[in-house]
Amino acid sequence: MTAAISARDLRKRYGDVHAVDGVSFEVRAGEFFGLLGPNGAGKTTTLEMVEGLRRPDEGRALLLGEPSWPRNPGLLRRVGVQLQASAFFEKLTAREQIRTFASLYGVADERADAMLAEVGLAEKAGTREDRLSGGQAQRLSIACALVHDPELVFLDEPTTGLDPQARRNLWDLLRGINAAGRTVVLTTHYMDEAEVLCDRVAVMDAGRILRVGPPAELAAELEADSLEDVFLQLTGREYRE
Amino acid sequence: MKPFASLSKAMALGLLRDRASVFFILVFPLMFLALFGALFKDAGVSRATVVQVGAVEVLDEMPPKQRAALDDVLEIDRSGNRAEALEKVRDGDADAAVWEEPGGRVQMRVSAADPVQAGNVGGVLRSIVDRASIAATGQPPAYTLTGGQVEDESLEAIQYFTPGLLGWAVAMGGVFSAALGLVNWRKKRILRRLWLAPVRAGPVICARLGVNMLLAFAQTAIFLLVATVPYYGLRLTGDWWLVIPLVACGSLAFVSVGFAIGAWAKTEDAANGLAQIVVLPMAFLSGSFFPLDAAPPWVRSISEALPLKHLVQAMQDVLTRGGSWSDALPAMGIMLLTAAVFTALAHRLFRWDAT
């Protein structure tokens, strides 16, 4: 079975800064995979190269067996990307947003409306994007990423800024997405979230991957109590911008 | 729905639901038309004011038809008091005072303040007195003068302002909405999101263009409707409908300019500022607000280089001066060339990401 993601020796330099300095990892089909790291660790650039938003200086990424760069519309149909909750068309209602995104993939309005109901926003269908709560906006942006029923989904900090209820609620949604057979790649700053949701996590810092493995194994290996301790042991305690 | 249709709908709704942009693009230029049209409605030499003291036979007994023609050039006020009437002339409130003395002697006093107007009044009154004298002899006049009107090549205010302000409105709508729309989509990461969707650039660009063209047609329709109400009195000439392809080409050109600005600008403020710097001076130098006939040659040569000038000129020709394809085609060519140049520039400057 082809790996959902196969990244080989990805590198990206901005001037003298090695934002990503030789990253390789694999995500198996159906896996819930977490990419963790402090700010500036190179997570975003790594994901952008994997998704096909940026061209790697070196190395290459295969999604579902196909290279993500150059842009490949056939591949894009099979992949869903949630960019932080602000990627909405201005002044449109939740229903209009998801129908617009659906049309880009040739998906019918009915399916878009059903997706909206699936994330629990049926009652908010007529609400404009700027009047949705943080949790509702996150759920809408996840729905927009899932509307074309992708095999592989990227979620970028989906629970940032949410209250505990909304986070738990979203976790259930994400588990459901994964249980439906989709491969999910998640970035997050919440270690408890990664611990609960992810089958395996990769911890990154300074443009490299430090460890990859199931959260429990990493904790056992480093004799830490939790993924949070693993994270701090690996990436240090000093404050970062 | 197809991506083109759904993106057009998304853009149109986003635009129409934003009251500020509706005002800015549709209402604001219309306000200028309403205002300028009203302000300069009666521009030209105004009627002369004459104060008539007491009864003056040659004026009072004029046939109604002649009297109506006279009212086009003279406004005749009545006064019972000669001293008061002369005072009005002295103060410049009236151009002349007339009264009749026994024996059919009509007396006139004019103001020295405005010799041209005084000469007009004198000429008109003299001809009235002469005609009455000839009529009094009972003889047919030895000579007669028959007059008629020719179509004036110069433009009345509304004939001038309608195409001028419409050109400005089309340019402003195109540049601003394309520039701000692009920056906004980049900032909100919609460009990234589109990059990651299986949609080509064509439908996205065409959607923006289509929405803008519809907007420009709406502007054109509203402008023509307002300008042709009797109060403003715009008279459209023969092939006025050529304004439609002209507006379409103009919209294409100015949306491209907007794309280039939006591709370059990192923030909405920068895009707004640059668009302002481009559109407003261009409108002034293209004769959108006032004629450039009296402008120095160097101003006119700058003006020749501006696409808006050619659009305004061609719209003026087809809307109000009986122009046809031969006036419209060169301007359309210039618009399409402008579009090509700025689209290429936008393509070079384009970034889908702010970083």
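The values are calculated or read from the model by the stated rules, or taken from the named source; none is laboratory data. Keep in mind that this is a model prediction, so the values were computed, not measured. Don't worry about glycine lacking a Cβ; one is built from the backbone with ideal geometry, like all the others, and counts go over all protein chains shown. The protein model used for the area step is the full one, side chains on, heavy atoms only, and it has no ligands, DNA or RNA in it. Shrake-Rupley method; radii C 1.70, N 1.55, O 1.52, S 1.80 Å.
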Q.
Let me check something: with ligands and nucleic acids excluded, how do B:W241, B:W168, B:W185 order by accessible area (1.4 Å probe), largest to smallest?
A. B:W241, B:W185, B:W168
Q.
With both bridge residues required to lie in the range B:48-137, what share of the DSSP beta bridges run antiparallel, to the nearest 5%?
A. 40
(Q) For the range A:133-208 and the range B:170-210, what is the centre-to-centre distance using only Cα atoms, to the nearest Å? (A) 28
Q: Might you work out the accessible area of A:W69 for me, using a 1.4 Å probe with all protein chains in place, and round it to the nearest 10 Å²?
A: 80
**Q.** Relative contact order computed over chain A (Cα-Cα under 8 Å; 6+ residues apart), in percent
**A.** 25
Q | Pairwise label distance in nanometres, B:E57 with B:D91, each label 7 Å out on the Cα-Cβ vector | A | 3.3
Q: Working with all protein chains in place, sort B:C206, B:C249 by solvent-accessible area computed with a 1.4 Å probe, largest first.
A: B:C206, B:C249
**Q.** Approximate spin-label separation A:E66-B:A135, in nm, with each point projected 7 Å along Cα-to-Cβ
**A.** 9.4
Q: Would you mind checking which residues have amide H under 5 Å from A:V81's amide H? H placed 1.01 Å from N; only 5 or more apart, or other chain.
A: A:F154
Q: Over the protein assembly as shown, average the accessible area per residue using a 1.4 Å probe and give it in Å², no decimals.
A: 48
Q. By the scheme Lys and Arg +1, Asp and Glu -1, what is the net charge of all other residues having a beta-carbon under 15 Å from that of B:R109?
A. -4
(Q) Explain nothing, just the number: relative contact order of the range B:48-137, from Cα pairs under 8 Å at least 6 residues apart, as a whole percent. (A) 32
Q | Surface accessible to a 1.4 Å probe, A:C198 within the full protein complex, Å² | A | 10
Q: May I ask you to derive the FRET efficiency for B:T144 and B:D71 from their Cβ-Cβ distance with R0 = 22 Å, giving the value to the nearest 0.05?
A: 0.45
Q: Under a cut-off of 12 Å between alpha-carbon atoms, report the aspartates and glutamates in cross-link reach of A:K91, not counting same-chain residues fewer than 8 places apart.
A: A:E129, A:D130, B:D18
Q: Would you mind giving the average projected area, over all directions, of the Cα convex hull of the protein assembly as shown in nm² with one decimal?
A: 39.8
Q: Just grab the label-to-label distance for B:K2 and A:Q165, each label 7 Å out from Cα along the Cβ direction, in nm (one decimal).
A: 4.6
Q. What helices does chain B have that are whole DSSP H segments, at least 27 Å long along their own axis by Cα, and with mean Kyte-Doolittle hydropathy of 1.0 or more?
A. B:201-228, B:243-264, B:325-349
Q: Note the angle between two axes, namely the Cα long axis of helix A:164-179 and the longest principal axis of the Cα atoms of chain A, as a number of degrees from 0 to 90, rounded to the nearest 10.
A: 90
Q. With each run of n ≥ 4 DSSP H residues scored as -39500 (n - 2.57), what mean residue ellipticity at 222 nm is computed for the protein assembly as shown after dividing by its residue count and rounding to the nearest 500 deg cm²/dmol?
A. -17000 deg cm²/dmol
Q) To the nearest 0.05, how large is the calculated FRET efficiency for B:V27 and B:I244 if R₀ is 22 Å and r is the Cβ-Cβ distance? A) 0.50
Q: Could you pull out every one of the aspartates and glutamates with an alpha carbon less than 14 Å from that of B:K309, ignoring same-chain neighbours closer than 8 positions?
A: B:D293, B:D317, B:D327
Q.
Taking the alpha-carbon distance from A:K12 and a cut-off under 15 Å, which aspartates and glutamates remain once sequence neighbours fewer than 8 residues away in the same chain are dropped?
A. A:D21, A:E48, A:E51, A:D57, A:E58, A:D205
Q: Please give the residues from the range B:176-219 for which the solvent-accessible area of heavy atoms, probe 1.4 Å, is smaller by at least 20 Å² with all protein chains in place than with the chain isolated.
A: B:N184, B:K188, B:R189, B:I190, B:R192, B:R193, B:L194, B:W195, B:L196, B:A197, B:P198, B:V199
Q: Scan chain B and hand back the longest stretch that contains none of the GluC sites (Glu not before Pro) lying in DSSP loops with at most 11 other Cβ atoms within 10 Å.
A: B:154-355
**Q.** Relative contact order of chain B, pairs being alpha-carbon contacts under 8 Å that are 6 or more residues apart, as %
**A.** 20
